[in-house]
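Chemist: Let me give you the structure first, and then I'll get to my questions.
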Amino acid sequence: TAAETAYMGNDVNDAQCLKHVGLAIVVADAHDSVKPLAHAITTKPGGKGAVREVVDWYLEAKGLDPYRVHA
(Lines give C-alpha, C1' and ligand atoms only; values in the text may rest on other atoms or scores of the structure.)
Protein backbone atom coordinates (compact mmCIF):
# COMPACT_ATOMS: atom_id res chain seq x y z
CA THR A 1 0.00 0.00 0.00
CA ALA A 2 1.03 3.63 -0.27
CA ALA A 3 1.24 3.82 3.52
CA GLU A 4 3.83 1.01 3.45
CA THR A 5 5.91 2.65 0.72
CA ALA A 6 9.03 4.77 0.97
CA TYR A 7 9.64 7.27 -1.83
CA MET A 8 12.72 9.38 -2.42
CA GLY A 9 12.51 12.50 -4.56
CA ASN A 10 14.08 15.85 -5.23
CA ASP A 11 11.89 18.10 -7.37
CA VAL A 12 8.40 19.46 -7.94
CA ASN A 13 7.44 16.49 -10.11
CA ASP A 14 7.82 14.26 -7.01
CA ALA A 15 5.38 16.24 -4.84
CA GLN A 16 2.28 14.08 -5.40
CA CYS A 17 4.13 10.86 -4.60
CA LEU A 18 5.76 12.40 -1.52
CA LYS A 19 2.32 13.43 -0.23
CA HIS A 20 0.87 9.91 -0.48
CA VAL A 21 3.53 7.57 0.88
CA GLY A 22 4.24 6.41 4.39
CA LEU A 23 7.86 7.55 4.29
CA ALA A 24 8.71 10.57 2.13
CA ILE A 25 12.41 11.28 1.74
CA VAL A 26 14.09 14.10 -0.16
CA VAL A 27 17.75 14.77 -0.83
CA ALA A 28 19.64 17.65 0.77
CA ASP A 29 19.58 19.72 -2.41
CA ALA A 30 15.92 19.07 -3.19
CA HIS A 31 13.75 21.90 -4.47
CA ASP A 32 12.57 24.06 -1.55
CA SER A 33 8.91 23.37 -2.38
CA VAL A 34 9.19 19.63 -1.63
CA LYS A 35 11.28 19.76 1.52
CA PRO A 36 8.23 20.44 3.74
CA LEU A 37 6.61 17.26 2.38
CA ALA A 38 9.47 15.07 3.62
CA HIS A 39 9.54 12.92 6.72
CA ALA A 40 13.34 12.82 6.30
CA ILE A 41 15.95 14.84 4.42
CA THR A 42 19.34 13.37 3.62
CA THR A 43 22.54 15.19 4.53
CA LYS A 44 24.02 14.30 1.13
CA PRO A 45 22.88 15.91 -2.12
CA GLY A 46 21.47 13.94 -5.03
CA GLY A 47 24.15 12.14 -6.99
CA LYS A 48 26.62 12.53 -4.12
CA GLY A 49 25.72 9.66 -1.80
CA ALA A 50 22.09 10.35 -0.85
CA VAL A 51 20.84 6.90 -1.89
CA ARG A 52 23.66 5.22 0.03
CA GLU A 53 22.73 7.32 3.07
CA VAL A 54 19.13 6.06 2.95
CA VAL A 55 20.28 2.45 2.48
CA ASP A 56 22.49 2.86 5.54
CA TRP A 57 19.49 4.18 7.53
CA TYR A 58 17.51 1.10 6.51
CA LEU A 59 20.27 -1.37 7.35
CA GLU A 60 20.92 0.28 10.71
CA ALA A 61 17.19 0.20 11.52
CA LYS A 62 17.26 -3.54 10.81
CA GLY A 63 20.24 -3.95 13.16
CA LEU A 64 22.65 -4.66 10.32
CA ASP A 65 26.09 -3.15 9.84
CA PRO A 66 25.91 -1.11 6.62
CA TYR A 67 29.65 -1.57 6.08
CA ARG A 68 29.64 -5.36 6.18
CA VAL A 69 28.63 -7.56 3.27
CA HIS A 70 25.61 -9.64 4.23
CA ALA A 71 24.99 -13.05 2.72
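Chemist: Hey, does the stretch 14-29 have a residue that's part of a loop (DSSP other than H, G, I, E, B), at pLDDT below 95 and either out of contact with any Gly (no Cβ under 8 Å at 6 or more places or on another chain) or open to solvent by 80 Å² or more (accessible area, probe 1.4 Å) (or both)? Show your work before the answer.
Modeler: Let us first name the residues in the stretch 14-29 that are part of a loop (DSSP other than H, G, I, E, B), namely 21-22, 27-29.
Filter once more, keeping what is at pLDDT below 95: none.
No, there is no match, as no residue in the stretch 14-29 is part of a loop (DSSP other than H, G, I, E, B), at pLDDT below 95 and either out of contact with any Gly (no Cβ under 8 Å at 6 or more places or on another chain) or open to solvent by 80 Å² or more (accessible area, probe 1.4 Å) (or both).
Chemist: With the structure loaded, tell me whether Asp11 is of a type in the set (Asp, Glu) and exposed (fewer than 13 other Cβ atoms within 10 Å of the Cβ) or whether it fails that test.
Modeler: Working: of a type in the set (Asp, Glu): yes; exposed (fewer than 13 other Cβ atoms within 10 Å of the Cβ): no.
Against the criterion (of a type in the set (Asp, Glu) and exposed (fewer than 13 other Cβ atoms within 10 Å of the Cβ)), Asp11 does not qualify.
Chemist: Mind counting the residues in the stretch 20-71 that are among the charged types (D, E, K, R) and touching a helix residue (DSSP H, G or I) at 6+ places or on another chain (Cβ under 6 Å)?
Modeler: At the first step, the residues of the stretch 20-71 found to be among the charged types (D, E, K, R) are 29, 32, 35, 44, 48, 52-53, 56, 60, 62, 65, 68.
In the following step, the residues that additionally are touching a helix residue (DSSP H, G or I) at 6+ places or on another chain (Cβ under 6 Å) were identified as 44.
Looking only at that region, the number is 1.
Chemist: Please list, ordered by first then second residue, the pairs with beta carbon atoms under 6 Å, 6 or more apart or interchain, first in the stretch 47-60 and free of Cβ contacts under 8 Å to residues at least 12 places away in the same chain, second open to solvent by less than 30 Å² (accessible area, probe 1.4 Å).
Modeler: These pairs meet every condition: Glu53/Thr42; Asp56/Pro66; Leu59/Pro66.
Chemist: Look at Val69 and say whether it is outside any loop (DSSP other than H, G, I, E, B), open to solvent by 50 Å² or more (accessible area, probe 1.4 Å) and at pLDDT below 95. Show your work before the answer.
Modeler: Details: outside any loop (DSSP other than H, G, I, E, B): no; open to solvent by 50 Å² or more (accessible area, probe 1.4 Å): yes; at pLDDT below 95: yes.
Answer is no for this residue.
Chemist: What pairs can you find where one residue is in the stretch 4-23 and in contact (Cβ under 8 Å) with a residue 60 or more places away in the chain, the other is open to solvent by less than 60 Å² (accessible area, probe 1.4 Å) and of a type in the set (Val, Ile, Thr), and their Cβ atoms are less than 7 Å apart, with a gap of 6+ or different chains?
Modeler: Here the result reads none, with nothing in the stretch 4-23 linked to a residue that is open to solvent by less than 60 Å² (accessible area, probe 1.4 Å) and of a type in the set (Val, Ile, Thr).
Chemist: Counting just the residues of the stretch 47-66 that are open to solvent by 30 Å² or more (accessible area, probe 1.4 Å) and of a type in the set (Asp, Glu), which one comes out nearest to the chain's Cα centre (by Cα)?
Modeler: So the residue we want is Glu60.
Chemist: Given (1) assigned to a loop (DSSP other than H, G, I, E, B); (2) over 11 Å from the mean Cα position of the chain (by Cα); (3) small (Gly, Ala, Ser), where does Ala3 come up short, assuming only one miss?
Modeler: (1)
The values are calculated or read from the model by the stated rules, or taken from the named source; none is laboratory data. Note that this is a predicted model, so its numbers are computed, not measured. Note: ideal-geometry Cβ built from the backbone for every residue, glycine included; neighbour counts use all protein chains shown. Surface accessibility is based on the protein's heavy atoms, side chains included, excluding ligands, DNA and RNA. Shrake-Rupley method; radii C 1.70, N 1.55, O 1.52, S 1.80 Å.
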